[in-house]
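To keep things clear, I will list the structure first and then write my remarks on it.
The values are calculated or read from the model by the stated rules, or taken from the named source; none is laboratory data. Since we're looking at a predicted model, the values are computed, not measured. Cβ: placed from backbone, ideal geometry, glycine included. Neighbour counts: every protein chain shown. Surface accessibility is based on the protein's heavy atoms, side chains included, excluding ligands, DNA and RNA. Shrake-Rupley method; radii C 1.70, N 1.55, O 1.52, S 1.80 Å.
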Amino acid sequence: MNCSISGEVPEEPVVAKNSGLLFEKRLIERHILDYGKCPVTGEPLTMDDIVPVKTGKIVKPRSLTAASIPGMLGMFQNEWDALMLSNFALEQQLHTARQELSHALYQHDAACRVIARLKKERDEARSLLAQAERQAPLPAVTANVSALSNGKRASENEEMGPGGKRMRPGISDNIIAELTDCNAALSQQRKKRQIPPTLASVDALERYTQLSSHPLHKTNKPGITSLDISLSKDIVATGGVDSNAVLFDRTSGEILSTLSGHSKKITSVKFVAEHNVVLSGSADKTVRIWQGSEDGKYDCRHILKDHTAEVQAVTVHATNNYFVTASLDTTWCFYDLSSGVCLTQVEDPSNSMGYTSAAFHPDGLILGTGTTDATVRIWDVKSRGNVASFDGHTGAVTAISFSENGYFLATAAHDGVKLWDLRKLKNFRSFELYDQDTPTNSVDFDHSGSYLAIAGSDIRVYQVGSVKAEWNCIKTLPDLSGTGKATSVKFGPDASYLAVGSMDRNLRIFGLPENDGSNEVFTFIRQQGAGERGECLQNSKSNWESKFDVYKKWGLSEEQIWEAFLKYPRVMSASEDKIAKTMEFLVNTMGYQPSAIAKQGSVIGRNLEKIIVPRGLLVQDLISNGLAIKFTLSSLFDQSEESFLKRFVYRFEDKAPELLKLYKQKVDVAAGGNRIFIFIRQQGAGERASYLINKFGFSQESALKLSKYLRFKTPEKPDSEIVNLVKERGFNPLDLKFLFAVTVVRQNSKSNWESKFDVYKKWGLSEEQIWEAFLKYPRVMEVSEDKIAKTMEFLVNTMGYQPSAIAKQGSAIGRNLEKIIVPRGLLVQDLISNGLAIKFTLSSLFDTSEEYFLDRFVYRFEDRVPELLKLYKQKVDVAAGGKYKTQRIRLMCFCLVNSSKDYGCCSSSFKGYLPYMELQRDE
């Protein structure tokens, strides 16, 4: 008899009176409570309708698996497997618990030392306060004005407290009240704020071009590191590598004053317009306050030496009575401007690397700081407390800018620009503008909060949107310095111009030309007199526009063409055919960038057959044979034949005796007109670039670069399958990463591509994760299958990372396994296991320079483990030999020798570590 519900023999059988069906008592009771009816007939049923049936003891039959020896062996095997899996999980949990306990003990010991130090400092502060109350107030720190001359200072005196520590008066209640009143007034004004009608329009910004370039700093130490603009006076201040600050009147184009006195490069300059004061911070660890006089000279009134490392940023409070400095010594100081006294110096114990940038919120009660470890910290100025921290950047935070609207914050770092909403304390948009080797150096909102300027390898201007609305790039200006590094950018009054500093010595002003429009400029050229520009009078308007079109096909913008014409008018005197052939040879054969050719436009006017082709081919042969490095266009084509022979032929005759004969052969062949097109492909990059612009919507610059990696299927249509594939996967055609992705896809055959996918899949990654990793780091598909397998093996099995985490930080796949990944991984793993470091991300371990890694993971622990650098080098040697899987180098022997001295903890605390640390007697 079986239960009508379960189909098995019931242990407590019962019978329904109505239907006579047999049930298991517990099952039918539960069903009646839930539904109140018979599960088979559907008739109403209650517990009173159930009658128990008395039976003898039931012995359940054996299951089929337990009825035979093979079945029993299978059961035992399943139990054993389950036991082993459970045991493995317990071992992993035990290992994790040991590491966490070891780390917790280390943190507890460190916290005890910090608490002891804080108690000591508290007692000293109480003693100083009691002493100060009994004495007269401290005199203000002033300089001897008679000893100053044009920013140079003879000597200075400093008041020091007991123990050699500077006395800090603190931020008084009156100052806090002043800051609070300023905040209330500015907040109220912001609610009524309207965009000024004189603000430059988007259309105007789209037509911005370089108006002027001014060499302000020394040639032997070029480079502008910082700039600021006095909006009321239209004066630009620049700080340079040459340790000078220069004040420049943009309206007159004259240098007003050069502020000399710092011994190292200036890192930050700021105006305090209301007081005619300039502040400068320097790598020499000092800040100087420069006071302007009626005769236009600036004298150094105070030299502030409160920092013990490079001063990286200076920012002025909205009251114009106070300012803050931030330094690599992990502190920021709040100063009174009139006296130059440091009212308070705030140290962040959690920041071990120092500050790299700082800026006040427009209302003045919030201070933003950027650190070298990619963190943005927000401070309450009144309480000097860290109220928020933003993570997400890679590399040091180089610049910070608050929007005038009060709730947008823009931060720049090595990985680009991030925008933060201060109301919700979260990142709502990121701009990854450049490749991984090009940092973003500066970011600046205009005074109205309508535009955002970004400086890196170029200058980009965005129209400010909202959290949900797009921020559109309305203008991209090239870095005309040739250094590829624009270090600072600032909006002028009403965004009427942009001031840009680069790693040359020139300040560049970008704005709207007074005669904006091609017709007016063309008329201007027509009106030019004799001389070199007179050669352009032979061009009709249509001919002029045709030559412009030829240059544009090679990716040059109108601004670059006009700049080349202003320097070398002959660039427009050559025929369209001559321009096309010269650009084709210089770009496709010689490998020069079109922008570099525009900067040295004189080469366009040289004879193609007699000068450009033979000289270019000869120097190319010299480079390929290791006899010469690559030279500039000017050094190749703008010198006489005699000078060229001396520099590139006669000097190598001992190594290549036939070089002069070879050069003359090249001249003869090129002059015959039969050889030129051997070196020039018939389907030029300009045609391919034009196709990419019209078909796929690429920018001129991106299309020109991408055209080098494509071939023509037919004379009319290039191979676009790769471009389609990369574009469909979400790459931005305006990003340099798109070009790199096209190169990687082109290098891999279909079978090779699938093989690499299979290797990643073996480690548990899905196709979506692999494509996502490729979208962020195209290099993950550039390396070989063997390199991928070995790297994943080490990171997963040895380092303990999850494959999904590796996919999110895929840049590690492209690093050198023997020289970077293995030695660094093993060293940091030993540090973690011995309680000397916390666990870091893949990016912080493998995407940093060797010098940075040594500073962060080796030199900082040398006081505890003096042999650490030697051990790291041993790991590098072991990894280079391919034995890293079997050889491990432990640090415990060194930790045990000087436990109490090096760690500063008692012996009982140190013994608590021992059960959770691994030892090897051999070491």
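A few points about this structure:
- Rounded to the nearest Hz, the phi-derived 3J(HN,Hα) couplings of the stretch 824-834 under the Karplus curve 6.51 cos²θ - 1.76 cosθ + 1.60 (θ = phi - 60°) are 5, x, 5, 5, 5, 5, 5, 4, 5, 5, 9, where x marks glycine and proline.
- Over 25 Å between alpha carbons, listed pairs 655/819; 297/485; 468/776; 218/475: 655/819; 297/485; 218/475
- Per residue, the average separation of C-alpha pairs within less than 8 Å and at least 6 apart gives the stretch 208-511 a relative contact order of 14 percent.
- Gained length - residue 870 relative to residue 546, 0.36 nm times residue gap less alpha-carbon distance: 110.1 nm
- Separation of the residue 661 and residue 75 label points, Cα + 7 Å toward Cβ, nm: 9.6
- Reachable aspartates and glutamates from residue 221, criterion Cα separation under 17 angstrom, eight or more residues apart if same chain: 242, 284, 504
- FRET E, pair residue 181, residue 274, Förster distance 22 Å, beta-carbon r, rounded to 0.05: 0.85
- Amide proton proximity set for residue 5, modelled H, under 5 Å, gap of 5+: 24
- In Å², nearest 10: area of residue 75 left accessible to a 1.4 Å probe: 80
- Of the whole protein surface, residue 255 contributes about 80 Å² of accessible area at a 1.4 Å probe radius.
- If R0 is taken as 60 Å, the Cβ-Cβ distance between residue 199 and residue 126 corresponds to a FRET efficiency of 0.65.
- Taken along the Cα-to-beta-carbon direction at a fixed 7 Å, the label points for residue 638 and residue 755 span 5.0 nm.
- Area of residue 426 that stays accessible when all protein chains are in place (1.4 Å probe, Å², to 10): 100
- Label point distance in nm, residue 110-residue 97, each placed 7 Å from Cα along Cα→Cβ: 2.4
- Partners for residue 54 among aspartates and glutamates (Cα-Cα distance below 18 Å; same-chain residues under 8 apart left out): 8, 11, 12, 24, 29
- Each of 373, 855 has its accessible area taken with a 1.4 Å probe; listed largest first, they run 855, 373.
- Per-peptide packing, taken as the mean over residues of other Cβ atoms within 10 Å, places 183-196, 762-775 in the sequence 762-775, 183-196 from highest down.
- Placed amide H near residue 225: partners under 5 Å, 5+ positions off or other chain: 239, 240, 241
- Shape of the stretch 1-56, Cα gyration tensor, a/c cut at 1.5: prolate
- Per-peptide average of other Cβ atoms within 10 Å, ordering 385-392, 357-364, 91-98 highest first: 357-364, 385-392, 91-98
- Amide H within-cut-off set for residue 433, under 5 Å, with H built and near neighbours excluded: 417
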